[in-house]
Structure formats: structure tokens, C-alpha cells
1. Which of the numbered conditions does Pro45 fail, given that it passes all the others? Conditions: (1) more than 30 Å from Arg104 (Cα to Cα); (2) over 12 Å from the mean Cα position of the chain (by Cα).
2. Residues Ser76, Ser69: which one is among the polar types (S, T, N, Q) and touching a helix residue (DSSP H, G or I) at 6+ places or on another chain (Cβ under 7 Å)?
3. Select from the range 83-107 the residues that are among the hydroxyl-bearing types (Ser, Thr, Tyr) and under 20 Å from the mean Cα position of the chain (by Cα) and list them in ascending order.
4. Within the range 57-101, track down each residue that is touching a His at 6+ places or on another chain (Cβ under 9 Å) and not polar (S, T, N, Q).
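Since every read-out is calculated from the coordinates, none of them should be taken as a lab result. Not measured: the values here are computed from a predicted model. We place every Cβ from the backbone using ideal geometry, glycine too, and count neighbours over all the protein chains shown.
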Amino acid sequence: MSAFQIWLAIIGMGLVTAVTRAFFLIGGERAVLPPRIQRVLRYAPAAALAAVVVPDLLETPTGFSIALSNHALWASLAGLAYYLKRRGMLGTIAVGMVVFTLLRLIF
């Protein structure tokens with residue numbers, strides 16, 4: 001890439017970022033989303049987090065794996081099970097780390 005193309009890409013990305021962020025400010029208080037859209041948008045953070053975390057948990061150096069050698073996957077599932085049962089964050093972390101460590105020692 002030439003220097004011109006790099007600067008053009010940087011300026012273009014800056015404009016796209018500015019326009020998408022300013023879109024909600026330009027409308028002001030007059031822009032009200034329909035209730036259905038508001039309900040759907042409540043799930044956006046969880047969906048984004050899942051989209052980032054799940055591929056990282058399934059990926060191993062040899063590709064995607066759900067085998068017992070994928071310690072991070074099984075430790076996170078154990079932590080999730082604990083959290084769904086007890087709703088405690090510290091216990092969730094402890095269970096996940098204990099399972100992860102045991103799997104690393106055993107396998």
C-alpha cells in the first residue's frame with residue numbers, strides 16, 4: 001500500500017466512525033425507537049460477548065475442538081454451571097480455575 005492509500009483508509013475509517021456515532025446525537029430527543037427494537041437491543045451486549053468468547057473457547061492450536069484436551073472450554077462450562085446454580089461470581093471464578101487446573105494436571 002502506498003502512503004496515500006494508508007492515509008485515505010485512516011480518514012475513511014475516521015469518517016465512518018464519526019458518522020455512526022453522531023447518528024444518534026443528530027436525532028436528539030425526537031428519535032424514539034419502537035418498543036420492539038428496544039427489547040431486541042437489550043440482548044445486544046450478551047450477543048456481542050458470546051460472539052467474542054465462544055470462538056476463543058473452541059479454538060485450539062489444531063483447530064476447533066470440544067475434546068477434553070480443550071481445558072478452557074470445559075472449565076468455562078463448569079463455571080457457567082456453578083453460576084447458573086448459585087449466582088456467585090467469586091465461586092464461578094474459583095470453580096472455573098479449579099477445573100482448568102485439574103484438567104491440565106490430568107490430561
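1. Only one criterion in (1) more than 30 Å from Arg104 (Cα to Cα); (2) over 12 Å from the mean Cα position of the chain (by Cα) is unmet by Pro45, namely (2).
2. Working: Ser69 fails: touching a helix residue (DSSP H, G or I) at 6+ places or on another chain (Cβ under 7 Å).
Residue meeting the stated conditions: Ser76.
3. Within the range 83-107, the first condition is being among the hydroxyl-bearing types (Ser, Thr, Tyr), and the residues that meet it are 83, 92, 101.
Once the filter is applied, which keeps residues that are among the hydroxyl-bearing types (Ser, Thr, Tyr) and under 20 Å from the mean Cα position of the chain (by Cα), the range 83-107 yields Tyr83, Thr92.
4. Step one: filter the range 57-101 for residues touching a His at 6+ places or on another chain (Cβ under 9 Å), giving 99-101.
Listed by number, the residues that qualify are Val99, Phe100.
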